[in-house]
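Just so you know, all these numbers are worked out from the coordinates, no wet-lab data involved. Predicted, not measured: the structure shown is a model, and the values here were computed from it. Positions of Cβ are backbone-derived with ideal geometry, glycine not excepted, and every protein chain shown enters the neighbour counts.
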Amino acid sequence: MEIEVKEKNDNEMIFVLNDIDVEFANAIRRIGMMEVPKLTIEYVSIIKNDSSMFNEVLAHRLGLIPIVSDNKTIESLIPNEDCDCKDDENNTRGYCSKCSVSFSLTKSTPGIVYSKDLHSNDPEIKPVYDTIPILKLKEDQEVELEAVAIIGKGKEHAKWMPTTVCTYKQYPVITFNDKEELSNDVVEACPNNILKLNRKKKPTLQNIENCTLCKACVRASENDAIDVSHEKNKIIFKIETDGSMTPKEVLLSACDVLNSKADKFIEFF
Ligand code: SF4
Ligand SMILES: [Zn+2]
């Protein structure tokens, strides 16, 4: 299998996979969304909340704030379900410092309370973005709370999904019928400006990877001048994250999870 990265930044990666089965790409997609471990706020203890926001809504909002969940963070914590504090009768909270990160938020000045006001006991583990609004305080109002983040997976709750987009499509193949002329109507039918006519009125393609295989061009062509299909074993994959980890970390973690599933399968037989 060959991988060619087309676009990459901190939150988004588009890459082309050559010589790959759709089933394998789909397994990576599903694991990328559902089984890659991520740190998210799970427990909230509200000590004071004078704002007009209900405690339940406030707790829900806190759970949706992306927290830094890079490899270093994930490796420094034990997943809550595997931690021995679960079996400790003296631990009534259900978490401990080995499997959780505590945050506190105290604010008494009027204005908007932002994600940057959440402070953890580890300065490197913090909300990814500073400016996510949480609630608004008026004059003489206060909010004080403690929150605890643990590692979880998207299959338990969507707040643990690191990906906001994790998708693939088969690589488009667009062919022209040399015996027929491609009309302007067909060119204009494409919503992604893939089709162009050159000076000699010959059809050309640009940014073919943006083709969504919608076949609007084929439907607009009355003389079968164009055909759209896809390559069987070539796939365009896109991963976009909420910033808690990079797309590359999601991909590598998904491959690790798939690998361990395959190992279990082999061991069984
Ligand atoms: S299939 Fe859709 S996106 Fe692709 S070239 Fe035709 S109209 Fe454009
Ligand atoms: Zn624990």
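Structural remarks
- Our estimate of slack between Lys6 and Lys261, defined as 0.36 nm per intervening residue step minus the Cα-Cα distance, is 88.9 nm.
- For the pair region 134-188 and region 195-269, the centres of their Cα atoms are 16 angstrom apart.
- By the beta carbon rule, with partners counted only under 4.7 Å, the chain holds these lone Cys residues: Cys166, Cys190, Cys211, Cys214, Cys217, Cys255.
- Order of Phe15, Phe269 - criterion: other Cβ atoms within 10 Å of each residue's Cβ, fewest first: Phe269, Phe15
- Summing charges over all other residues whose Cβ lies under 13 Å from the Cβ of Lys116, with Lys and Arg as +1 and Asp and Glu as -1, gives 0.
- Gyration tensor verdict on region 180-224 (Cα atoms; rounded if a/c is under 1.5, prolate if a/b is larger than b/c, oblate otherwise): oblate
- Length added when fully stretched, Phe24-Arg219, from 0.36 nm per residue minus Cα-Cα: 67.0 nm
- Of Thr164, Thr204, Thr40, the residue with the greatest mean-square motion in the GNM of the chain, using alpha carbon springs below 10 Å, is Thr204.
- Taking the Cα centre of the chain as origin and assigning +1 to Lys and Arg Cβ atoms and -1 to Asp and Glu Cβ atoms, the resulting dipole is close to 920 debye.
- Zone residues, region 55-79, relative to Glu156, backbone N less than 11 Å from point 7 Å out along Cα-to-Cβ: 79
- Each label point was placed 7 Å from the Cα along the Cα-to-Cβ direction; for Asn121 and Lys86 their separation is 2.1 nm.
- Here the dipole of region 38-159 is about 460 debye; that uses its Cα centre as origin and unit charges on the Cβ of Lys and Arg (positive) and Asp and Glu (negative).
- Going by neighbour counts of Cβ atoms within 10 Å, the residues Leu205, Leu58 line up, fewest first, as Leu205, Leu58.
- Subtracting the Cα-Cα distance of Glu144 and Tyr129 from their residue separation scaled by 0.36 nm leaves 3.4 nm.
- Three-way shape call for the chain based on the alpha-carbon gyration tensor, with the a/c threshold at 1.5: oblate
- Among Val250, Val165, Val228, the residue with the largest mean-square fluctuation in a Gaussian network model of the chain, with springs joining Cα atoms closer than 10 Å, is Val228.
- Selected from Glu139, Glu35, Glu209 as most flexible by GNM, with the chain as the system and alpha-carbon contacts under 10 Å: Glu139
- Cα-based helix-to-principal-axis angle, 247-268 vs the chain, degrees rounded to 10: 90
- For the chain, excluding the exposed loop sites themselves (trypsin sites (Lys or Arg not before Pro), DSSP loop, at most 13 other Cβ atoms within 10 Å), the longest remaining stretch covers 1-92.
- Distance between the pseudo-spin-label points of Thr212 and Arg93 (7 Å out from Cα toward the beta carbon): 4.8 nm.
- Considering helices alone, the calculated mean residue ellipticity of the chain at 222 nm is -6500 deg cm²/dmol, with DSSP H runs of length four and up weighted by -39500 (n - 2.57) and normalised per residue.
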